[in-house]
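Notes follow the structure.
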There are 2 protein chains.
Amino acid sequence: MGEPKRQIRLGVSAIGMGYHIAAWRHPDASPGGNMELAHFIRSAQAAERGLFDMFFLADGVGIRMYDEPPGALARSSKNVQFEPLTLLSALAMVTTHIGLIATASTTWNEPYHVARKFASLDHISGGRAGWNVVTSVTAQEAQNFGHEAPPDYDHRYDRAAEFVEVVRGLWDTWEDDAFLRDKASGINFNPSKLHILNHRGRHFTVRGPLNVARTPQGAPVIVQAGASEPGRELAAATADVVYAAAQTLEDAQAYYASVKSRMAKYGRHPDALKIMPGLMAIPGRTRQEAHDRYEILQELIHPVVGLAAIAGSLGDLSAFPLDGPVPEPTNPRMLSRARILLDMARRDNLSIRQLYLAIAGGNGHRTIIGTPADIADAMEEWFTQGAADSFNILPPWLPGGLEEVVDQVVPELQRRGLYRTAYEGRTLRAILGAAPAPNRHAGAARRAAE
Amino acid sequence: MGEPKRQIRLGVSAIGMGYHIAAWRHPDASPGGNMELAHFIRSAQAAERGLFDMFFLADGVGIRMYDEPPGALARSSKNVQFEPLTLLSALAMVTTHIGLIATASTTWNEPYHVARKFASLDHISGGRAGWNVVTSVTAQEAQNFGHEAPPDYDHRYDRAAEFVEVVRGLWDTWEDDAFLRDKASGINFNPSKLHILNHRGRHFTVRGPLNVARTPQGAPVIVQAGASEPGRELAAATADVVYAAAQTLEDAQAYYASVKSRMAKYGRHPDALKIMPGLMAIPGRTRQEAHDRYEILQELIHPVVGLAAIAGSLGDLSAFPLDGPVPEPTNPRMLSRARILLDMARRDNLSIRQLYLAIAGGNGHRTIIGTPADIADAMEEWFTQGAADSFNILPPWLPGGLEEVVDQVVPELQRRGLYRTAYEGRTLRAILGAAPAPNRHAGAARRAAE
Ligand SMILES: Cc1cc2nc3c(=O)[nH]c(=O)nc-3n(C[C@H](O)[C@H](O)[C@H](O)COP(=O)(O)O)c2cc1C
Ligand SMILES: Cc1cc2nc3c(=O)[nH]c(=O)nc-3n(C[C@H](O)[C@H](O)[C@H](O)COP(=O)(O)O)c2cc1C
């Protein structure tokens, strides 16, 4: 047996009704699926049938959409959802292998809670938990926690770095073999294998110990999605998986190289981190069928919802004609994203309507509409050209849009020898091809004795 | 059909290995059960087979036991556990009727998180979630959140009252019929049925809205366990169920009357609150069999663990002879509880060993060891004499100690016509005989129009 061949990996972002802004109106969608357990069970089981690495739930601690133009919010399904950790604990009971990734904010949480909830999910799922670390950028979220606006960028990332450090420290409280549970002697655990953290830092003072045993994975998997300099640095230092968003091969390669090249200084091998750009994939037996599938959703976008999708960066353009040119915004939010949208509009001479139609699906992520072979080609290119280790599938709607990828694209990748035909292990780390996370204290006694 | 007969209700406190301090050493126990999903599945399913109202998980955000005398902690199983909300979400998938009560602290949490996690569990379980509101008294917990010690009593209870108010306000964000999800018109929800909280109080500023839909119960059930004046007041004002601890009928009656009599001033009917004293029940076909069952556990108490059980209130007595008298403590903690233990020791002339054996099981809760008829008699007395609406069963060990109650005591209560023979509904509120929680905003438009 030689070196195992590097293969494409897949995960799915299973947020709400799906990624397309009109997903809930799809003829085959259950329009209240974002609050139906059956909707998520079916999606998670589809992803597991497709041998995906992970099932990911994005999250915000608040409704993050603005009602701009007025009426947009009431026409959107981005209003209510399950809390991810509770939902994934339930989904752990109806799946057996797939990794379960919940988002939790480092800005609006305390590390002790986060450490124990993810440790608990890791035990419940038999070692399949992962934490998507986010710093929560919206004012709406801040206002649910006594603040008008989020803390500034540097503060958030400084806090995030320390937060992850504390959580990891708590996960190392108990060595793997700390518990003896010897009924005969009455000794429950070996006290020399219990480690109190006693963390004192800039943002947190946390004594420990964690009141959850060492988890099946040693530590739940850490996922991150930072695009900025501090975001990339945090990912290089701590993440096992990174979400990315890029439209072009060049951008994806640049991001890939930038994050991987930062790892050496943290003593990490580049393979220890999987980079996972988002991909909205819409397959059809023919290109025409795929495009027709996409058009079903595009036609269901109410103009107010379309305008809202660009208002987040360009401001409210509802005073301008929908089929006229995109005006230079007077009050742009999120400058860099506003620039990207304007460049798009200018380059392709798009009207306001054409602009929102262009981003209504993938929202800045790469979108491939075509045959399974087209989609496999697109994946293979990025995978072999240093742009991706894995893809975060963004189904336009759930569960059908995901099931189409599982049933059509996965077999094509398998035919090419580019995709697993069975899971390689039971824990998420095993599935990712990684060893269990080592405990910083393990072997300390042995080393001291040497 | 006449007025339904008032019947005894049961719940179970399913903490860790069970209530007895030597539970994990029981010959039939799985000694690592406190971190095994199967242990809790079996316990929850036993309680549901017994038609219990609820399955309750106590919680602390930290290890709450002191290692005093040294060596006690390593001989105890009170070290690690699942986080309750994640565990109950998993248990929701393997049960169908029983209420699922998780503990969450108002001192070391933010209301927005608590509101959404319990709302999420209520959706996942189809309306079976409950929240045990606690204020977290230990220094160990405080030290995991940047404090040396918990805030003082009044501060904690003032914060708790406002915390519950905010959580309830968030649960009323969406009216029951807010969501239209009308694919044809594209209207997802009726904006006049979305209510922003805009809470500004002494402890919290929370804008809302909650990003979880109105829950199946309207609001998860609120459980409380305060013994003090502010604790009783909070229970009378907000709780649907109250845990109590009393050894004698007189004490239980006094507590019952005290809490129920406070309800009128909050506009509440006394039946709207169920009072639920703890009861360690150990049944046997004969009294001898029951006592033998109890002795199995009593004999497994290591003296250091026994001393630790009283050290929490009387301080470390390990310097004194185990079979000698209980000395007047020089450094007592928890004065009122220290007084109760000393009175017990003096009245019955107990040695140190006899004192810890006396409290090793129920830890201050009533303990009945006897035939199913003895236990049913004991319940019936308190139930008919204004001391209890329900009993919080504290199994000495899990799952066996609970299964014995389900299989032996429940049939005896049913024979007496004192206990249900089937669940009366699907949600916890329905099982408790309560209506769904009304939304404060519902009918406001109608009232305004009148
Ligand atoms: C695929 C993907 C998923 C994300 N999920 C969330 C999320 O669930 N919650 C959230 O607050 N932010 C989420 N983000 C935002 C990122 O955490 C991050 O804030 C964003 O990528 C900007 O990066 P920066 O903060 O380094 O500039 C996500 C980003 C990506 C690309
Ligand atoms: C049956 C029962 C269960 C309790 N569970 C918890 C718990 O899980 N976590 C906790 O911190 N306190 C728990 N408590 C403690 C109470 O919340 C409360 O602090 C205690 O009864 C003292 O009441 P007081 O604070 O009003 O003096 C429990 C008390 C009882 C009687």
*Could you tell me which numbered condition A:VAL212 fails, if it satisfies all but one of (1) without any contact (Cβ under 8 Å) to a residue 40 or more places away in the chain; (2) open to solvent by less than 10 Å² (accessible area, probe 1.4 Å)?*
(1)
*asked:* Quick check on this structure: which one of A:ALA74, A:ALA58, A:ALA44, A:ALA92 is touching a residue at least 40 places away in the same chain (Cβ under 8 Å) and touching a helix residue (DSSP H, G or I) at 6+ places or on another chain (Cβ under 6 Å)?
replied: A:ALA44
*How many residues does the stretch B:128-143 hold that are within 12 Å of chain A (Cβ to nearest Cβ) and away from ligand 2 (no atom under 13 Å from the Cβ)?*
2
*The lone exception for B:GLU68 - which of (1) modelled with pLDDT under 95; (2) within 21 Å of A:PHE118 (Cα to Cα); (3) of a type in the set (D, E, K, R) it fails*: (2)
*Test: B:GLY99 is under 18 Å from the mean Cα position of the chain (by Cα), of a type in the set (Gly, Ala, Ser) and more than 9 Å from chain A (Cβ to nearest Cβ)*: yes
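Residue-wise test of (1) open to solvent by less than 10 Å² (accessible area, probe 1.4 Å); (2) away from ligand 1 (no atom under 16 Å from the Cβ); (3) closer than 25 Å to A:THR107 by Cα.
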| site | (1), (2), (3) |
| --- | --- |
| B:HIS113 | no, no, yes |
| B:GLY126 | no, yes, no |
| B:PHE145 | no, yes, yes |
| B:ARG168 | no, yes, yes |
| B:GLY201 | no, yes, yes |
| B:PRO216 | no, yes, no |
_Considering only residues that are assigned to a loop (DSSP other than H, G, I, E, B), within 9 Å of another protein chain (Cβ to nearest Cβ) and more than 16 Å from ligand 2 (Cβ to nearest atom), which ones fall in the stretch B:34-69?_
B:GLU36, B:ASP67
_Within the stretch B:80-96, does at least one residue satisfy the condition of being in contact with a Ser or Thr (Cβ under 8 Å, 6 or more places away or on another chain), facing chain A (nearest Cβ under 7 Å) and within 22 Å of A:ARG207 (Cα to Cα)?_
yes
*Looking at (1) of a type in the set (A, V, I, L, M); (2) over 21 Å from A:GLU36 (Cβ atoms); (3) within 11 Å of chain A (Cβ to nearest Cβ), which is the one condition that is false for B:ALA178?*
(2)
_So the check is Cβ under 7 Å with 6+ separation or different chains; which pairs have a first residue in the stretch A:423-434 that's under 11 Å from A:VAL241 (Cβ atoms) and acidic (Asp, Glu) and a second one that's open to solvent by 40 Å² or more (accessible area, probe 1.4 Å) and not in a helix (DSSP H, G or I)?_
none
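Looking at the stretch A:244-262, which of its residues are under 11 Å from A:ALA388 (Cβ atoms) and within 11 Å of ligand 1 (Cβ to nearest atom)? Can you show your working first?
First, pick out the residues of the stretch A:244-262 that are under 11 Å from A:ALA388 (Cβ atoms): A:244, A:246, A:249, A:252-253, A:255-256.
If the condition is that a residue be under 11 Å from A:ALA388 (Cβ atoms) and within 11 Å of ligand 1 (Cβ to nearest atom), then A:ALA244, A:ALA246, A:TYR255 are the ones that fit.
Can you go through B:LEU37, B:LEU85, B:LEU57 and tell me which one is under 22 Å from B:SER120 (Cβ atoms), touching a Pro at 6+ places or on another chain (Cβ under 7 Å) and of a type in the set (A, V, I, L, M, F, W, C)?
Being under 22 Å from B:SER120 (Cβ atoms), touching a Pro at 6+ places or on another chain (Cβ under 7 Å) and of a type in the set (A, V, I, L, M, F, W, C) holds for just one of B:LEU37, B:LEU85, B:LEU57, which is B:LEU57.
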*Name the single residue, out of those in the stretch A:290-339 being of a type in the set (D, E, K, R) and in a helix (DSSP H, G or I), that is most open to solvent (accessible area, probe 1.4 Å).*
A:ARG339
*Just to be sure, is A:VAL410 in contact with a Gly (Cβ under 6 Å, 6 or more places away or on another chain) and away from ligand 2 (no atom under 16 Å from the Cβ)?*
yes
_Qualifying residues in the stretch A:194-233 (those that are facing chain B (nearest Cβ under 10 Å) and basic (Lys, Arg)) - the one nearest to ligand 2 (Cβ to nearest atom)_ = A:ARG207
*In the stretch A:147-166, how many are surrounded by 16 or more Cβ atoms within 10 Å (Cβ to Cβ) and not charged (D, E, K, R)?*
7
*In the stretch A:351-370, what residues are modelled with pLDDT under 90 and in contact with a His (Cβ under 7 Å, 6 or more places away or on another chain)?*
A:ALA360, A:GLY361
*Flag if B:PRO191 is within 27 Å of A:TRP24 (Cα to Cα) and out of contact with any helix residue (DSSP H, G or I) (no Cβ under 6 Å at 6 or more places or on another chain)*: no
_Residues satisfying the stated conditions in the stretch B:7-33, i.e. open to solvent by 10 Å² or more (accessible area, probe 1.4 Å), over 28 Å from B:GLY386 (Cβ atoms) and either outside any loop (DSSP other than H, G, I, E, B) or without any contact (Cβ under 8 Å) to a residue 60 or more places away in the chain (or both)_ = B:ARG25, B:SER30, B:PRO31
*Taking the residues in the stretch A:226-263 that are buried (at least 21 other Cβ atoms within 10 Å of the Cβ) and not in a helix (DSSP H, G or I) as candidates, determine which candidate is nearest to the chain's Cα centre (by Cα).*
A:TYR243
*Mind checking which pairs have a first residue in the stretch A:231-260 that is in contact (Cβ under 8 Å) with a residue 24 or more places away in the chain and a second that is basic (Lys, Arg) and assigned to a loop (DSSP other than H, G, I, E, B), Cβ under 9 Å, 6 or more apart or different chains?*
A:ARG232/A:ARG262; A:GLU233/A:ARG262; A:ALA235/A:ARG262; A:ALA236/A:ARG262; A:ALA236/A:ARG268; A:ALA237/A:ARG262; A:ALA237/A:ARG268
*Is it true that some residue in the stretch B:24-33 is more than 10 Å from chain A (Cβ to nearest Cβ), over 28 Å from A:ASN190 (Cβ atoms), out of contact with any Lys or Arg (no Cβ under 6 Å at 6 or more places or on another chain) and charged (D, E, K, R)?*
no
*Which condition breaks for A:GLU141 when tested against (1) farther than 23 Å from B:GLU68 by Cα; (2) open to solvent by less than 20 Å² (accessible area, probe 1.4 Å); (3) touching a Leu at 6+ places or on another chain (Cβ under 9 Å)?*
(3)
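The values are calculated or read from the model by the stated rules, or taken from the named source; none is laboratory data. Because the structure is predicted, anything quoted here is derived from the model rather than measured. Methodologically, a virtual Cβ is constructed for each residue, glycine included, from the backbone with ideal geometry; neighbour enumeration extends over all protein chains shown. Accessible surface areas use protein heavy atoms only, side chains included; no ligands, DNA or RNA. Shrake-Rupley method; radii C 1.70, N 1.55, O 1.52, S 1.80 Å.
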